[in-house]
Amino acid sequence: MRSSCLRIGICILAASSMVASSAIAHAQTVRPLINELGNPAKGRVEYVNDSLFPLNVVIEPKSFTVSETGEISYRPLDPSIHLKLSTTSFRIQPQQTYYVFYEATASQSPSWFVIYAAFSGFPFRTAQGMNVRLELPHTVYLLPKQSVQKADIHVSRAEFNPAENKVVLEVENSGDNFGRVMQTMLLYSNKKQEAPGFPVFPHSARILEVPLDQKAEGENVPVDVSFQFDKFKVEQKLQRAGSGAIPSLASTNTPTSNSAVPMQDAQKGNP
């Protein structure tokens, strides 16, 4: 089971806008952000209220779909997923922690869903007079014992665009199992640039655009990209947009027996 923790400053959510408020000085916490479990599964979510006032919390599970470019679409929980929560609403006191326990099963694996916690009861309103509501996610993956295989992963695009000073990557998962890129790394001749990890869903593709830290010119040009999975690594030579491969490092699909580098969540919007 993998998990990570997300700490988010409170945002002001209005009907059609988001505005900042100087009255917000504290933050709420949900952990873990992501749970990768078996099927069936038992889990726990920890909610922390770091503010100086009590808050009301309402729990709502949802199913979701992630597009090729990473946009997330939510919908009511799929009938194939059976979820039992210890509670669906509670009040959390200032500087206190509250735990929600759950049991989940799905008719097939892999399956995934998100448990959203909506915080309300903040003692202030937006400039438009709207009440404040903050939603924090806890994403659950119900996975089989089998994991994605190296043969299922295909890098269909690894393109360096000098005009826009960015790299465009496209990774496909042709298998039946869920996979996660723990870390993406752009490889130069004498340095590296880290990029976000991301999930790769079965029979799906994921496109990632990576802006370069510095202007790419001369020898300061990325030549390879590396995708670190849990049990293997995939490396691919970059192609210049409208041209051929960038000459430099050798490029191979490289298996590894080492544990993956922990994901630096930038998903960290990534589910």
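One table, with the values for the structure above:
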item	result
Scan of segment 82-119 for residues that are more than 21 Å from Asn49 (Cα to Cα) and assigned to a loop (DSSP other than H, G, I, E, B), ordered by number	Ser107, Gln108, Ser109, Pro110
Residues of segment 90-113 that turn out to be surrounded by 13 or more Cβ atoms within 10 Å (Cβ to Cβ) and free of Cβ contacts under 8 Å to residues at least 40 places away in the same chain, as a count	1
Which numbered condition Asp213 misses (of (1) touching an Asp or Glu at 6+ places or on another chain (Cβ under 7 Å); (2) part of a loop (DSSP other than H, G, I, E, B))	(1)
Matching strands (runs of 3 or more DSSP E) fully within segment 26-81 where at least 2 residues are surrounded by 15 or more Cβ atoms within 10 Å (Cβ to Cβ)	27-37, 41-49, 55-66
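Read-outs throughout are calculated quantities, based only on the coordinates presented, and are distinct from any laboratory measurement. All values derive from a computational prediction rather than experimental measurement. For neighbour counting, all protein chains shown are included, and Cβ atoms are generated from backbone atoms with ideal geometry for every residue, glycine included.
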